[in-house]
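Before any comments, here is the structure.
The values are calculated or read from the model by the stated rules, or taken from the named source; none is laboratory data. Note that the structure is predicted; figures quoted are calculated from it, not measured. Here the Cβ is made from the backbone with ideal geometry for all residues, glycine too, and neighbour counts use every protein chain on show. Each accessible area value is taken on the protein alone, full model and side chains, heavy atoms only, with ligands, DNA and RNA left out. Shrake-Rupley method; radii C 1.70, N 1.55, O 1.52, S 1.80 Å.
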Amino acid sequence: MIFHAIGLMSGTSLDGLDICFARFEKQAGSWYFEIIKAETLPYPAHWEEKLRHVIHLSAEDLLELDSAYGFYLGKAVQQFIEKHNLTHIDVIASHGHTVFHQPQRKFTLQIGDGRALKLKTGLPVIYDFRSQDVLMGGNGAPLVPIGDELLFSQYDACLNLGGFSNISLKIDNQRIAFDIAPVNIVLNHLAQRLGKDFDSNGNLARSGKINKELLLQLNSIAFYQQPHPKSLGVEWCNMHIFPLFGTIETVDAIATFTEHASQQIVKIFHENKLRNVFITGGGTYNSFLIEKIKSQSSTQVIIPEKEIIDFKEALIFALMGALRLNGEINVLASATGSLYDHSSGIMA
């Protein structure tokens, strides 16, 4: 059984739209993959601006942007298909761009109307992968563990360092997953105060001093004591993280937050006695953060080739689309906390 799927992922850190075209094959109950073409399309300045401030829009303007972003995604995918002369595409699986994520209030919103995407490309589209899980009492996140289970189960755990750090691992033969701490959503915000898009190689953090009082405040946040499953959103950062920086020098805030993120990640390594961890996501390129994680733990850190680092999430959404098309489970209740495993995503 073979599927060809395109996965789309737009992360909270707004570094662009990830597009991944992959081939999936199921043999004797196991899934295998090959990334055929993948690229990140940086957002044009006006789109980055719109998405950065989307949380403040009125209901009417948000609905307008939902449609417009769907057409934008469709145009981007169509250009990607034409550029690489792609054929035999079974499905486009679109994560959309997260605006609100409040599972405790039974809602999550990823904009980018899949019907607009379908109108632009003429291809089957599956979108809105999170809402069903939230309605079923789950966190609607993380969703990537289904891919970790089916494609990367040879590792003790998979850690993604994106806007937020999240991990998936097996406990008592069940795949569990949860968000650990914010990473790039905070570090990029702080770097932008200094006129940088992000903290390249962690050089800003390396030049700053750790503020012990701030570190203590960060490590004392109640979220870190809560049991999994649990997930984070930008609203949570606005409430619990950003107000703590006050008048602290920005480079010192970056140094302290980098230390905080590494400590929270390593704590999870130790608690679960992980022998090895497979790390992907944009934060993998923050060499200072990786150094800190390695220096505080004996867990083996495995960093794959660039293609997997950059496109693992888009790859897994492509897989989720193939699974949905095939009527198979693509969301694990053990990871999200929902009532039961299910097949999620609206088909357009």
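When you go through (1) in contact with a Cys (Cβ under 9 Å, 6 or more places away or on another chain); (2) within 25 Å of Phe178 (Cβ to Cβ); (3) of a type in the set (A, V, I, L, M, F, W, C) one by one for Ile55, which number turns out not to apply?
Of everything listed in (1) in contact with a Cys (Cβ under 9 Å, 6 or more places away or on another chain); (2) within 25 Å of Phe178 (Cβ to Cβ); (3) of a type in the set (A, V, I, L, M, F, W, C), Ile55 misses just condition (1).
Step by step: first the residues of the range 1-35, then only those that are open to solvent by 50 Å² or more (accessible area, probe 1.4 Å) and acidic (Asp, Glu), then the one that is farthest from Asp90 (Cα to Cα). Which residue is that?
That would be Asp15.
Could you check the range 308-344 and list, in sequence order, the residues that are hydroxyl-bearing (Ser, Thr, Tyr) and either closer than 19 Å to Ile171 by Cβ or open to solvent by less than 20 Å² (accessible area, probe 1.4 Å) (or both)?
Keep residues of the range 308-344 that are hydroxyl-bearing (Ser, Thr, Tyr), which gives 334, 336, 338, 340, 343-344.
Matches in the range 308-344: Ser334, Thr336, Ser338, Tyr340, Ser344.
Considering only residues that are touching a Gly at 6+ places or on another chain (Cβ under 9 Å) and crowded, with 23+ Cβ neighbours inside 10 Å, which ones fall in the range 235-277?
Within the range 235-277, Ala253, Ile254, Ala255, Thr256, Thr258, Ala261 meet the criteria.
Limited to the range 131-145, what total is found for residues that are in contact with a Pro (Cβ under 8 Å, 6 or more places away or on another chain), open to solvent by 10 Å² or more (accessible area, probe 1.4 Å) and outside any loop (DSSP other than H, G, I, E, B)?
0
For the range 265-311, how many residues meet the condition of being part of a loop (DSSP other than H, G, I, E, B), without any contact (Cβ under 8 Å) to a residue 40 or more places away in the chain and among the aliphatic types (A, V, I, L, M)?
Final tally of qualifying residues: 1.
State whether one or more residues within the range 202-215 are open to solvent by 10 Å² or more (accessible area, probe 1.4 Å), at pLDDT 95 or above and β-branched (Val, Ile, Thr). Break it down stepwise before answering.
Step one: filter the range 202-215 for residues open to solvent by 10 Å² or more (accessible area, probe 1.4 Å), giving 203-204, 206-213, 215.
Right, trim to at pLDDT 95 or above and you get 203-204, 206-213, 215.
Filter again for β-branched (Val, Ile, Thr), leaving 210.
Among the residues of the range 202-215, at least one is open to solvent by 10 Å² or more (accessible area, probe 1.4 Å), at pLDDT 95 or above and β-branched (Val, Ile, Thr), which makes the answer yes.
Give the range 297-348 a look and list any residue that's under 21 Å from Gly138 (Cα atoms) and among the hydroxyl-bearing types (Ser, Thr, Tyr), or say none.
Applying the first criterion (under 21 Å from Gly138 (Cα atoms)) to the range 297-348 yields 313, 316-317, 319-321, 323-324, 327-347.
Hits for the range 297-348 are Ser334, Thr336, Ser338, Tyr340, Ser343, Ser344.
Can you tell me how many residues within the range 146-201 are in a strand (DSSP E or B), open to solvent by 30 Å² or more (accessible area, probe 1.4 Å) and closer than 21 Å to Gly29 by Cβ?
So the answer is 2.
From the set of residues in the range 71-105 that are in a loop (DSSP other than H, G, I, E, B) and either in contact with a Lys or Arg (Cβ under 8 Å, 6 or more places away or on another chain) or of a type outside the set (S, T, N, Q) (or both), which is farthest from Ile126 (Cα to Cα)?
Among them, the one singled out is His84.
Please name all residue pairs, on different chains or six or more residues apart, with Cβ atoms under 8 Å, provided the first residue is in the range 54-66 and is among the hydroxyl-bearing types (Ser, Thr, Tyr) and the second residue is modelled with pLDDT under 95.
Hits for this filter: zero, empty list.
How many of the residues making up the range 42-80 are open to solvent by 20 Å² or more (accessible area, probe 1.4 Å), among the hydrophobic types (A, V, I, L, M, F, W, C) and more than 20 Å from the chain's Cα centre (by Cα)?
Total meeting the criteria: 7.
Looking at Ser287, is it at pLDDT 95 or above and open to solvent by 10 Å² or more (accessible area, probe 1.4 Å)? Before you say what the answer is, go through the steps one by one.
Working: at pLDDT 95 or above: yes; open to solvent by 10 Å² or more (accessible area, probe 1.4 Å): yes.
The answer is yes for Ser287.
Go through (1) at pLDDT 95 or above; (2) buried (at least 20 other Cβ atoms within 10 Å of the Cβ); (3) out of contact with any Lys or Arg (no Cβ under 7 Å at 6 or more places or on another chain) for Glu39 and report which single condition fails.
Of the numbered conditions (1) at pLDDT 95 or above; (2) buried (at least 20 other Cβ atoms within 10 Å of the Cβ); (3) out of contact with any Lys or Arg (no Cβ under 7 Å at 6 or more places or on another chain), the odd one out for Glu39 is (2).
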